[in-house]
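Structure first, then comments.
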Amino acid sequence: MLNLEETTKYIELASKSGGQAKIEGDTVFITIPPDRLVDVADTIFNKYNTSFRVCAGVDERPLNGHFSLVHLFTDDKAGLYVAVKTYLSGESPVAPSITSVVPAADWCEMEARDLLGIEFTGRETYRLVLPPWWPSNLYPLRKETPYNYRPEPRLESEKLGYSREYGVIPLGPYHPALHEPEYFELYVEGERVVDVKYRGFHVHRGVEKLAESRMSYQQVNFLAERICGICGFVHSTCYALAVEKAAKLDVPERAQFIRSIVLEVERIHSHLLLLGVAFHLLGYDAGFMHIWRIRERVMQLAELLTGSRKTYGINLVGGVRRDVNEEKKQKTLEALRELGREFKNFIEVAISVPQVKKRLTGSGVLPREEAVKLSVEGPVARASGVNKDARRDLPYAAYKYVSFKVPVYTEGDNLARVLVRVDEVFESISIIEQLLDKLPGGSILLTDFEIPEGRVGVQVVEAPRGGDIHYVVTGKGAPYRWRVRAPTYANIPALRVMLRDQPLADAPITIASIDPCFSCTDRVVVVRDGRIEEIKLTQLVK
Amino acid sequence: MSHKPLKLIIIAGSKGRVTVKYPYQEPLITPEFRGEIEIDPAKCIGCGACVKACPPNALELLESEKEVILRYFVGRCIFCWRCIDVCPVNAIKGTRNFELATDKHTDLYTLVVHTRTTCEICGKPFETTRMQRYIAEKSPVTEEYASICPDCRKRLLAEAVSARRVGISEHKE
Amino acid sequence: MEQLLVYTLTPLIVLYAIIPVILDGVERKLKAALQSRIGPPVTQTIYDLLKLVLVKEIKTQPTILYVYLSLTSSIVTGLASLYYITLYALRGDQVDMFYALALFAITTSTHTVTPLIVPNPYSFIGGIREVVLGVVNEAALITSISLYTIMAQRSVLKSTQWVTIIAVALVALTAFIASYVASSRVPFDIAEAEPEVASGIFVEFSGSVLALNIYSLLLRRLIVKLLVLAPTVGLLYGFSLTGLLVVLLLLPATWVTYATVAVILGRSRVDVAPLTLAKIYIALILISITVLLVQAYA
């Protein structure tokens, strides 16, 4: 399946840079010395036109006395995962920053700095994830830090970055009308937004640390599902697939089909949810109510297939826990037919409402170059003319057995982002129909298997909001390291581009248009933030 | 301006009212729905398999000298029913109950109390009485070890091995 | 005659005080039906207001006394305005209508500036937006209804000249648009606009102040409808006691129509709405005045 020419490119690059490469499945693992990291990242990202997904720091001191830093790219055209690893000193880990060549690496580098104490050279550093009062020598993800250790929090008064030139409008972190703790500071001149600051990560939950310290392989599925309240199944599938890839498990086909079916059900519900919210923000509450009426059918469908309306809880490493019988299949097909018809009828009406159409068109534009530079994900990328979709490019579960269109728009405005989702709802309905039609027989769960230690699995799953990536290093009975990156993590930095020079009144719909999920983005440490720290977003978008 | 937005009236008219007068009407849940679990105290043997499988620690084993208590705290339960999958004696049953609000905190806990046996050799508290009976039924081979705690078993084994070693080494000399 | 008027009008004012609350309940029920929901009972607005009045007040704002004063004066002038509209519908004396308009201008301005009294940035932003829209719309409302009143007085419909009819129709259209905008419904419910940026006054208030504010808004909705209905009925039917009854009968129908329009539309952008409206108003009023002038000279 793999293109040999494509892989040799990476092997040559590794040997030229004084490192080695090995290929396992669809992943190229490259190990290079730290001083060549920037060159290699530059070649892979800018010359080979790959997408940067995330970087992960790993505390490997108990194994080999070193820290390591893994940069994860995906070559979407060749269907390849590229993991670039460098070993760093165990005493004082220092790595060169790749933000000069890969701007999208900004957040993950700062996260590794906060949580593992890896210092970065060649860039401005700041505290991203941990609250300001957190002890500076305490790194939560180092293996010696106990998972349940909580330093005494200090409450500090809130400090806003007041500007003399412009008016400041604080949005959040706990605003009566906001759904999640996020904080945007909008700088306005009259009714125009001139700049934006973002401060997130208020609700770190220490998910990665918890999985690495207290849970077993099968329990982590349920934890992963709770990373997001809307697209949780994506996370548990991504985790299960990553572990299965690491352990080279041969999961029954039927299980993979059921996973894909449920993933698409989840995508429909998530897109309908966002469309409803978008209409609500545009003051078209009738649109909100009717879209959610249609969505209710999807929720019931999910309950029929999995036993729960949300957080389905059917994924395990090795397969799924609920089967689809003939009766459920017929009911699903019937529900989908009805759903497709109703949605088509209604969305035409909703998009034709003059205020909805006018306010979506031309607002919150994200140009293609910015989208590529920031490696944005999902509908945000596809609305800006970046043709990427992990379901097609890096096929997983059962997506290689179905044919579907990937909607791409080039306008990059809020309307394009809405229309991408509208089109995807219809594609998802067709995907589920095809999958149900081809559903193979056999078992749905692998029961006897072993997960060897020290293996690595990287998996991307296309969530409703974009590519979701999980990186798993296997350990004894539980993951040794589990790194999660949700798509909103990659999309938030693009908001600055979208909000700038736009009317203040359009800010809420523009923020909503990336379908942000802040609980996915903030997932690491167990603390409450008492203060808002100033971060210059100029550092984020260079 | 087109007349299309007006079609909303037709759509609303044809769909009627979809909301229900919950809680005065039956809640809309399917037979597949996973709700609260019920532990049958008559069947439970207190083995702790469910506790090991439970992702959110909603099931816990509380141990004292005389008793082992299986505690189910519904406030933490995520309704995954993994406990039902792993229970060796099918003592746990899933229900469709999801209306769990209460004004008494204690209502959120279910306790299954098990008596404990003591180790025949060292007298330390050991597995539950039911567990001992269950193992005896399942595998008669273990009968002679069934009432000895793992620590003592290990010691017995070590003593036996060393006795043999000593025997061998004596023989060599 | 004067004595009789006082006797008929006093119970009417009481009725006016209750009508908007009930019609709001009807509006909510209608909105629910159009959104495929069961919705709250028709009496829900009454329950809401009673609840707000009865809950314990949390006084967070130092300027709360001024807020009370401005809202109360808004309601009192509103009721007085309703009194003069009724007189106008009965007798057709345009002076009554001008009194009503003047009083309504006070109602609107006191109600609109209330958010500005509250020292909170969100309330202030929402308030400023209301004021901008209010200035544009109030000018159009007063101009168009004054013109409308003058024309209705002359019973222009009896003239066969089509130019006159066009002019009247344009003025009526302007008056209806302005009265819709003044009723603070979608797309012009700017106090509640952009919930994530500025939730305006509704977030800041609780208890009886919130009740007063809601009530004042509902009363304004009633006045703006009667302001256009009275001259319309006068024009088409004439000014009399039956005319007044027709006005009162048409009121629920108008209310329901406005509510339906609000459901099928989205909210317009707050900074665009006043400008667009100003352009439309100026065009409509200028055209109708020109038509009238042409006719007068021809």
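Brief remarks on what is shown
- Matching entry among C:230, C:253, C:259 (being of a type outside the set (S, T, N, Q), assigned to a helix (DSSP H, G or I) and either within 14 Å of chain A (Cβ to nearest Cβ) or in contact with a strand residue (DSSP E or B) (Cβ under 8 Å, 6 or more places away or on another chain) (or both)): C:259
- Taken over the stretch C:32-56, the residue count meeting the criterion of being among the hydrophobic types (A, V, I, L, M, F, W, C), assigned to a helix (DSSP H, G or I) and within 27 Å of the chain's Cα centre (by Cα) is 8.
Per-residue answers, yes or no, for (1) touching a strand residue (DSSP E or B) at 6+ places or on another chain (Cβ under 8 Å); (2) more than 7 Å from every other protein chain (Cβ to nearest Cβ):
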| residue | (1), (2) |
| --- | --- |
| B:3 | no, yes |
| B:7 | no, no |
| B:11 | no, no |
| B:30 | no, no |
| B:34 | yes, no |
| B:45 | yes, yes |
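- Selection status of residue A:442, on the phi > 0 side of the Ramachandran plot, within 24 Å of the chain's Cα centre (by Cα) and part of a loop (DSSP other than H, G, I, E, B): no
- Qualifying residue in the stretch A:186-205 (condition: within 14 Å of chain B (Cβ to nearest Cβ) and within 18 Å of the chain's Cα centre (by Cα)): yes
- Cβ pairs under 8 Å, 6+ apart, first in the stretch B:117-129 and in a helix (DSSP H, G or I), second surrounded by 16 or more Cβ atoms within 10 Å (Cβ to Cβ) and not aliphatic (A, V, I, L, M): B:129/B:114; B:129/B:116; B:129/B:117
- Being within 14 Å of another protein chain (Cβ to nearest Cβ) and at negative phi is a condition met by no residue of the stretch A:420-429.
- Taken over the stretch C:1-53, residues that are closer than 30 Å to residue C:84 by Cβ and in contact with an Asp or Glu (Cβ under 8 Å, 6 or more places away or on another chain) amount to 1.
- Single unsatisfied condition, residue A:436 versus (1) modelled with pLDDT of 95 or more; (2) surrounded by 24 or more Cβ atoms within 10 Å (Cβ to Cβ): (2)
- Evaluation of residue A:373 against (1) touching a Pro at 6+ places or on another chain (Cβ under 7 Å); (2) more than 14 Å from chain C (Cβ to nearest Cβ); (3) crowded, with 21+ Cβ neighbours inside 10 Å (one fails), failing number: (3)
- Meets criteria (hydrophobic (A, V, I, L, M, F, W, C), part of a helix (DSSP H, G or I) and more than 14 Å from chain A (Cβ to nearest Cβ)) for residue C:106: yes
- Count of the stretch C:152-177 residues which are modelled with pLDDT under 80 and either part of a helix (DSSP H, G or I) or of a type in the set (Ser, Thr, Tyr) (or both): 11
- Output for the stretch A:284-299, where each listed residue is more than 14 Å from chain C (Cβ to nearest Cβ) and either buried (at least 22 other Cβ atoms within 10 Å of the Cβ) or not aliphatic (A, V, I, L, M) (or both): A:298
- Which listed residue, of C:278, C:273, is over 30 Å from residue C:15 (Cα atoms) and surrounded by fewer than 19 Cβ atoms within 10 Å (Cβ to Cβ): C:278
- Yes/no for residue A:176 being at pLDDT below 85, within 28 Å of residue A:90 (Cβ to Cβ) and in a loop (DSSP other than H, G, I, E, B): no
- Being closer than 18 Å to residue A:288 by Cβ and either within 14 Å of another protein chain (Cβ to nearest Cβ) or not in a helix (DSSP H, G or I) (or both) is true of residue A:345.
- Check on residue C:296, without any contact (Cβ under 8 Å) to a residue 12 or more places away in the chain and within 16 Å of residue C:183 (Cβ to Cβ): no
- Residue within the stretch A:307-316 that is assigned to a helix (DSSP H, G or I), crowded, with 22+ Cβ neighbours inside 10 Å and touching a helix residue (DSSP H, G or I) at 6+ places or on another chain (Cβ under 8 Å) present: no
- From A:225, A:208, residue being in contact with a Phe, Trp or Tyr (Cβ under 9 Å, 6 or more places away or on another chain) and within 14 Å of chain B (Cβ to nearest Cβ): A:225
- The condition (being assigned by TED's automatic domain parsing to the domain that holds residue A:234, small (Gly, Ala, Ser) and touching a Cys at 6+ places or on another chain (Cβ under 7 Å)) is satisfied by just one residue among A:260, A:270, A:308: A:270.
- Hits in the stretch A:154-169 (condition: part of a loop (DSSP other than H, G, I, E, B), closer than 28 Å to residue A:186 by Cβ and either basic (Lys, Arg) or modelled with pLDDT of 70 or more (or both)): A:155, A:159, A:164, A:165, A:166
- Residue in the stretch C:57-78 that is in a helix (DSSP H, G or I), acidic (Asp, Glu) and out of contact with any strand residue (DSSP E or B) (no Cβ under 9 Å at 6 or more places or on another chain) present: no
- Odd one out for residue B:36 among (1) charged (D, E, K, R); (2) within 26 Å of residue A:310 (Cα to Cα); (3) without any contact (Cβ under 8 Å) to a residue 40 or more places away in the chain: (3)
- Which listed residue is touching a residue at least 24 places away in the same chain (Cβ under 8 Å) and within 14 Å of chain C (Cβ to nearest Cβ), from A:255, A:350, A:302: A:350
- Residues of the stretch C:262-279 classified as in a helix (DSSP H, G or I), within 13 Å of another protein chain (Cβ to nearest Cβ) and at pLDDT below 90, total: 4
- Selection of the stretch A:52-64 for residues being more than 17 Å from residue A:109 (Cβ to Cβ), buried (at least 16 other Cβ atoms within 10 Å of the Cβ) and either out of contact with any Gly (no Cβ under 9 Å at 6 or more places or on another chain) or not basic (Lys, Arg) (or both) yields only A:60.
- Among (1) closer than 30 Å to residue C:189 by Cβ; (2) surrounded by 22 or more Cβ atoms within 10 Å (Cβ to Cβ) - the single one residue A:479 does not satisfy: (1)
- Taken as a whole, the condition of being assigned to a helix (DSSP H, G or I) and within 23 Å of residue A:462 (Cα to Cα) does not apply to residue A:293.
The values are calculated or read from the model by the stated rules, or taken from the named source; none is laboratory data. These figures come from a predicted structure and were not determined experimentally. Quick reminder, even Gly has a Cβ in these numbers, built from the backbone with ideal geometry, and neighbours come from all protein chains shown.
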